Structure formats: C-alpha cells, structure tokens
Amino acid sequence: MITEAYSKVQARHLKRNAYLYIRQSTLRQVFENTESTQRQYDLQRRALALGWKLDQIVVIDSDLGQSGASAVDRQGFQRLVTEVSLGRAGIVMGLEVSRLARNSTDWHRLLEICALADTLILDEDGVYDPAHFNDRLLLGLKGTMSEAELHVLRSRLRGGILNKARRGELEMRLPIGFVYDAQRCVRLDPDARIQESVRQLFRAFRRTGSATATVKAFREQGLQFPRRLYRGPRKGEVLWAELEHSRVLWVLHHPRYAGAFCFGRSRQRKHLDGRHVFVRLPPEEWTALIRDAHEGYITWEEFEQNVQRLRDNAHAQGADRERGAPREGPALLQGLAVCALCGERMTVRYHVQGGRRVPDYMCQRRGIERAQPVCQQIHGQALDEAIGKLLVETVTPLTLEVALAVQQELENRSEECERLRRQEVEQARYQSDLARRRYMQVDPDNRLVADSLEAEWNEALRTLAQAQERCEKRRQADRAGLDDQQRAGILALARDFPRLWDDPHTSERERKRMARLLIADVTLLKGDDLNAQVRFNGGATHTLHIPLPKPAWMLRQTPPAVVTAINNLLNEHTDGETAEWLNRQGLTSGEGKRFHRAMVARIRTAYAMPSRYERLRARGLLTLAEIAERLDVGPDTVKVWRRAGLLGAHRYNDKGQCLYEPPGPDAPTKFQHQGKTRGRFASLTANTNPLNA
Ligand SMILES: [Zn+2]
C-alpha cells in the first residue's frame with residue numbers, strides 16, 4: 001500500500017501544492033467534535049511523509065460550521081474546485097474524502113476535474129489517482145455510499161418522528177398556555193395569569209371579531225401577553241409584553257388551543273440558491289391532526305369559526321390587499337418610501353380619484369401591530385409626479401458624462417497600479433534567475449553551500465509565484481471596468497431617458513424598475529408641506545418640497561372670484577344666462593367643469609345668495625297675478641301688453657317667467673281702457689303705444 005502510494009505520487013505532483021480541506025457540518029460539531037478536526041489535521045502529516053513540504057500545504061477550512069448539503073454557499077469548497085481546475089493542486093486531502101461534498105453531483109464534478117488536472121486524492125484509507133479507472137470507480141462508489149448513508153440516516157430519523165407524530169405522541173414545543181406534566185401529558189399552564197391572558201385573547205376576539213380590535217382591547221385595558229423564551233441563557237422564562245397583531249393571528253390559527261394535536265402544518269422547500277422557504281399547507285395535507293388530544297382553551301368548532309372569520313376579514317380588505325396587486329399598480333415608490341417619523345418602510349394603498357388609481361403611501365405596520373392610528377399617510381400623486389420630474393432632470397447626458405469620467409479616471413489609476421505590479425513581478429523574476437545562476441555555478445561537492453543556495457532559489461521562486469498570482473488577480477478585478485460599447489449604451493440611455501419616461505407605451509412596471517435602478521430610497525415627512533429626501537444609488541441626495549394636495553372638499557370648492565361674478569351677474573341675468581356668461585369667459589367650477597343652470601342654482605344656494613326672483617321682488621316688481629289685479633285686466637292681456645312693450649318686465653328664470661315693473665301712477669286708467677276692448681288686442685303693436693295715445 002505504501003509503495004503503491006509512493007508510485008502514484010510523482011515529482012510533478014510534488015511541485016504543486018497540497019490542499020487540505022477541513023469541514024464540519026454544524027457549529028456544534030465545530031465545538032464538540034474536535035477529535036475529527038484533529039484527525040483531519042493528521043492528514044497533513046501524511047502529506048509531509050509523501051514528500052510535500054509544510055509550506056506547500058494549503059488548509060481550506062472556511063466552511064467550518066456550514067452544512068454540506070449543497071456547494072452553492074460553501075466558499076471553501078468552491079475555492080478548492082477553482083484551485084484544482086487551475087492546475088495548482090497536486091493532491092487534495094480530506095477525512096472520509098467522499099464527504100468533501102455531501103452531494104453526489106458536486107463530488108463527481110470534483111473527481112472529473114481532478115482527473116483532468118492530474119490531481120491526486122488522499123484520505124485515511126490511501127491515495128487515489130482519479131485518472132485511473134479503478135480509483136475513480138472506488139471514489140465514485142464512496143461518494144454514492146456516503147450520500148446513501150446520509151439518506152438512510154435522515155429517513156430513519158424522519159420516519160421515527162413521523163410515526164410518533166401520526167400517533168400523536170411526538171413531544172413538540174408547546175404554544176404559550178400549555179405545558180407537559182410529569183407524565184409528559186399536555187396540560188393547561190398552571191400559571192393562572194398565563195391561562196387567563198390566553199382566555200382573555202379568545203374572549204376579546206369573540207367580542208370584537210377582528211385581530212386588530214383584539215390588540216386594541218388589550219392595549220386599552222393595559223394588558224400584556226406572555227411569551228416563552230426557547231433559547232438563550234434565559235430559556236424557559238416567560239416574558240410579558242404588549243400583544244401584537246401577528247401574535248393574535250398566530251394564536252388564532254394554532255389548532256393546539258382547540259385541544260388538537262397537529263404536525264406538518266408547513267413544508268420546507270429548497271430554492272435554487274440554497275435558501276429554505278416554508279410553505280403553509282391546507283389542513284387536509286397535514287401529516288397529523290388529532291382532535292381532542294388534550295385540554296384546550298376553545299372548542300374545535302370555535303377554532304374553525306375563528307379561522308373563517310379571519311379569512312373573511314382579509315377578503316374584506318379589498319382588492320389592493322391581494323398579493324401581487326400592488327406590484328402591478330402605478331405607485332412609483334412602492335418599496336422605496338421610508339417613513340421619516342419611525343424609519344419603517346411605507347406600504348402602498350390605492351384609492352380611485354377621477355377614474356384613476358391613485359396611490360397613498362402609508363406607514364401602517366406599527367399601527368396594525370399595536371392597533372394604533374396610522375403613523376403617516378401621504379397622497380402619492382403629486383409625489384410620484386415630482387419624483388418623475390426629478391429623475392428626468394437628473395439623468396442627463398451631462399451627469400452620466402461626469403460619472404463615466406470618474407470611472408475612466410479610476411481605470412487609468414488601476415493601469416498605473418498594474419504597471420507597478422508588473423515591475424514587482426519582473427524584479428522577482430530577476431531575483432530567481434540570479435539565485436538559479438548562483439546555484440548552477442557552485443561546486444556540487446560543496447554540499448553546505450549548495451543546500452543553502454538551493455533554499456535561496458526556492459524562496460525566490462516562491463516570491464515570484466506569489467507576485468504573479470497577485471498581479472493576475474488584480475488585473476482580473478480591474479478588468480471589470482466598462483468597455484466603449486457599454487459606455488455608449490449608457491450615454492444613449494441618458495439621452496433616451498426623458499423620452500422613455502414620458503412615453504405612454506412605457507408600462508408602470510418599467511417606470512418603477514427605472515426608478516429602482518436610480519433611487520435607493522425616499523424618506524417622507526409630512527409637515528406644512530411634504531418633505532421628500534431622495535437618496536440616489538451611489539449616495540447623492542436631493543430634497544424635494546412638494547405642496548400637500550388640498551383636501552377633497554377644498555378641491556371641489558368654487559373659486560371665490562367665480563362666486564363674486566355669479567353674485568353680480570344675478571342682478572341682471574337668470575341662472576342659465578349666468579352659466580353661459582361664465583363659460584364664455586372660460587371659467588370653470590372647482591372640479592374643472594363647465595357651468596350649467598342647475599350648477600349656478602346650487603352655488604347660489606350654497607353661498608346663501610338671493611335668487612334673481614328675490615332680487616327683482618326686492619326691487620318692487622310684481623308677479624303676473626299682482627299686476628293683472630293692479631291693472632284690472634286678465635293675465636293674457638298683461639302678456640300681450642308686455643310683448644308690445646307697453647309694460648316693463650324682467651325674466652327671472654330660464655322658462656321665460658317674468659316679474660313686471662309696476663306701471664306709473666296715471667297708467668292704470670289707460671290700461672283699463674285698452675283692457676276693456678278685448679276685441680282690439682290684435683291691432684296693438686309696438687308702434688301704437690296706448691300710453692301715448
Ligand atoms: Zn412611521
């Protein structure tokens with residue numbers, strides 16, 4: 001075995017580094033399982049025995065404390081793969097080497113790369129050359145076995161848990177208000193205050209029917225709600241704090257309060273990026289649900305009613321509460337607005353104004369949690385418009401030109417640095433050449449001198465390699481700069497930006513994305529006006545002062561000038577004529593509409609202005625009946641005389657009804673005379689004025 005190991009290790013392997021990969025899955029193992037860490041470091045000695053020098057051994061242990069289930073977030077493993085694929089590794093060492101990667105895919109990838117890069121693998125059992133078929137087969141098997149082992153282990157544990165859960169015997173963390181007794185049975189918490197608080201919560205919900213109202217009731221009565229600590233030095237202690245909305249929802253949704261045992265209410269899923277997400281499952285998919293498993297605070301029926309009630313409440317909140325809807329909405333600053341009073345992110349609600357959806361930015365999270373009034377509510381229309389204007393003004397070719405100039409400056413500077421680094425490499429190369437020549441020239445029999453010169457040469461080579469590596473790394477980092485094409489693209493965008501922004505075909509979503517690219521956040525404070533602190537990505541800030549929108553009643557209010565005009569016009573004109581006159585002057589109502597007769601009448605009533613009729617009556621004009629009586633003729637005669645111009649009259653409405661000017665003191669007789677000769681009505685014209693006859 002030993003000889004075989006030596007035969008696999010060749011000079012070309014020894015020239016390269018040996019990588020020792022150390023891994024412990026959990027933080028707990030890091031603390032407790034120092035034994036295995038020790039074993040891993042023992043491998044180092046094996047490498048020394050095989051001919052590597054101590055300074056050639058690179059230890060990669062940056063994944064300590066990370067689980068090995070995936071390579072995605074394990075930098076150490078990634079680094080190992082990189083080093084191997086760059087041909088820098090002569091050998092890779094690890095304890096039970098197949099566990100380098102717990103996941104078969106990662107492992108086979110590493111094997112493949114090792115085979116291509118001619119890298120050996122070492123574990124406690126021996127040395128393997130992945131380029132050899134036998135060794136690769138063995139290593140592959142080891143990987144498969146280790147994955148299978150992991151699977152069996154996990155399923156055995158999981159199976160045990162599931163079986164216990166199905167029987168309802170699994171001991172789980174109990175929600176506040178329950179404890180395990182000495183026989184490990186679930187009991188109501190003997191602490192009377194805790195029990196009473198839980199009961200109080202259910203009572204309050206029963207009474208009010210809403211979670212927010214329950215929080216409010218607790219706050220009004222100055223009550224607190226218990227919470228048990230499950231970790232940390234004060235584990236097991238009960239904390240008392242203000243009841244929060246999320247806690248009410250949690251309690252109401254927890255079947256244990258109805259005396260039911262449940263398991264598997266949510267499922268864990270893994271994302272591509274290695275994150276774990278919890279998905280809530282509907283009750284029919286739970287692993288176990290056993291009703292009346294123990295004492296409860298409410299009945300199962302009440303539990304179901306409560307859940308249904310909460311669901312109805314959620315529906316009642318309207319369309320904008322639906323998941324996803326706000327993201328489609330027009331609110332430009334969705335997710336960017338920050339409340340200046342409390343520092344929370346503000347949420348968006350929409351209301352309809354003039355047929356359009358208008359956003360309101362609300363700081364309501366704390367309000368909901370503690371059942372307190374909303375912290376700030378800001379009308380979004382003017383704000384969004386101002387932000388859009390600011391963006392169009394800010395993103396100009398000029399500003400981007402400056403930004404690009406700075407970028408260029410940085411790139412130039414990095415070129416200077418690279419020149420310096422290249423000089424450093426040159427220097428190191430010269431030194432190593434010098435050392436080599438000195439070594440060559442020495443008499444080989446002079447062992448002492450030769451040895452020390454060899455060490456010197458080695459040192460010089462190492463310095464050279466390091467300098468080269470540093471130089472290469474920096475160059476790659478600097479190369480991340482912009483090329484001409486990218487720069488032209490950015491400038492083109494700057495020129496296009498205003499056009500793109502104002503283009504009606506640009507969707508709200510695109511506009512929001514553009515805003516998000518440029519703006520980090522906007523801090524809002526409502527005072528005499530709206531103060532908006534815009535923080536751009538990159539650190540620049542800009543303060544906007546936006547006048548607050550007028551309240552709705554003020555928006556609809558008729559402008560004072562129009563009211564005055566109406567008051568004056570009514571002296572001489574009817575409501576309809578007044579409306580026409582106002583329209584001719586281009587005046588509009590508070591809502592921006594054209595005037596019409598009924599509108600003038602409404603405004604007149606609202607401002608308690610006397611009507612045209614009342615004005616004319618105040619001037620002493622008479623109604624048709626009154627003047628007919630005064631003149632002692634029939635109403636028809638009065639109308640004929642008026643048409644003939646014998647009587648002064650003024651229309652007081654748009655139906656043509658009039659009030660009549662009282663005739664002079666001597667007139668009645670003449671009118672009477674004319675009035676009695678009914679047969680001669682037809683001959684009366686404007687030209688034959690009976691008053692002058
Ligand atoms: Zn706030």
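The values are calculated or read from the model by the stated rules, or taken from the named source; none is laboratory data. Keep in mind it's a predicted model, so treat the numbers as computed, not measured. Positions of Cβ are generated from backbone atoms using ideal geometry, with glycine treated the same way; all protein chains shown enter the neighbour counts.
Just one of the listed residues (40, 24, 29) is at pLDDT below 80, touching a helix residue (DSSP H, G or I) at 6+ places or on another chain (Cβ under 8 Å) and closer than 17 Å to residue 93 by Cα, namely 24.
Among the residues making up the range 499-522, those that are touching a strand residue (DSSP E or B) at 6+ places or on another chain (Cβ under 9 Å) and crowded, with 19+ Cβ neighbours inside 10 Å are 519, 522. Do we find that residue 543 is in contact with an Asp or Glu (Cβ under 8 Å, 6 or more places away or on another chain) and among the hydroxyl-bearing types (Ser, Thr, Tyr) in this structure? Spelling it out, it is not the case that residue 543 is in contact with an Asp or Glu (Cβ under 8 Å, 6 or more places away or on another chain) and among the hydroxyl-bearing types (Ser, Thr, Tyr). Take residue 475 and decide whether it is touching an Asp or Glu at 6+ places or on another chain (Cβ under 7 Å), at pLDDT below 80 and assigned to a helix (DSSP H, G or I). It is true that residue 475 is touching an Asp or Glu at 6+ places or on another chain (Cβ under 7 Å), at pLDDT below 80 and assigned to a helix (DSSP H, G or I).
Specify the residue that is modelled with the lowest pLDDT; the eligible residues are those in the range 326-337 that are closer than 18 Å to residue 507 by Cβ and either within 16 Å of the ligand (Cβ to nearest atom) or assigned to a loop (DSSP other than H, G, I, E, B) (or both). By that ranking, first place goes to 329.
In the range 213-248, of all residues being polar (S, T, N, Q) and either touching a residue at least 24 places away in the same chain (Cβ under 8 Å) or touching a Cys at 6+ places or on another chain (Cβ under 9 Å) (or both), the one that is surrounded by the fewest Cβ atoms within 10 Å (Cβ to Cβ) corresponds to 246. Flag not set for residue 299, criterion: within 16 Å of the ligand (Cβ to nearest atom), in contact with a helix residue (DSSP H, G or I) (Cβ under 9 Å, 6 or more places away or on another chain) and modelled with pLDDT of 85 or more.
Could you give every pair whose Cβ atoms fall below 8 Å, whose first residue belongs to the range 338-354 and is over 12 Å from residue 364 (Cα atoms), and whose second residue is acidic (Asp, Glu) and more than 16 Å from the ligand (Cβ to nearest atom), counting only separations of at least 6 or pairs across chains? What qualifies is 350/320. Listed conditions (1) free of Cβ contacts under 8 Å to residues at least 24 places away in the same chain; (2) over 40 Å from the mean Cα position of the chain (by Cα) are all met by residue 158, apart from (2).
The set of residues in the range 173-187 that are surrounded by 14 or more Cβ atoms within 10 Å (Cβ to Cβ) and either aliphatic (A, V, I, L, M) or assigned to a loop (DSSP other than H, G, I, E, B) (or both) comprises 174, 175, 176, 177, 179, 186. Summed over the range 338-389, residues that are under 20 Å from residue 514 (Cα atoms) and within 11 Å of the ligand (Cβ to nearest atom) total 5. If the condition is being surrounded by fewer than 13 Cβ atoms within 10 Å (Cβ to Cβ) and part of a helix (DSSP H, G or I), then the range 125-148 contributes 133, 134, 137, 141, 145, 148. Scanning the range 249-285 for residues that are touching a residue at least 40 places away in the same chain (Cβ under 8 Å), under 16 Å from residue 165 (Cα atoms) and out of contact with any helix residue (DSSP H, G or I) (no Cβ under 6 Å at 6 or more places or on another chain) yields 255, 256, 259, 260, 261, 264.
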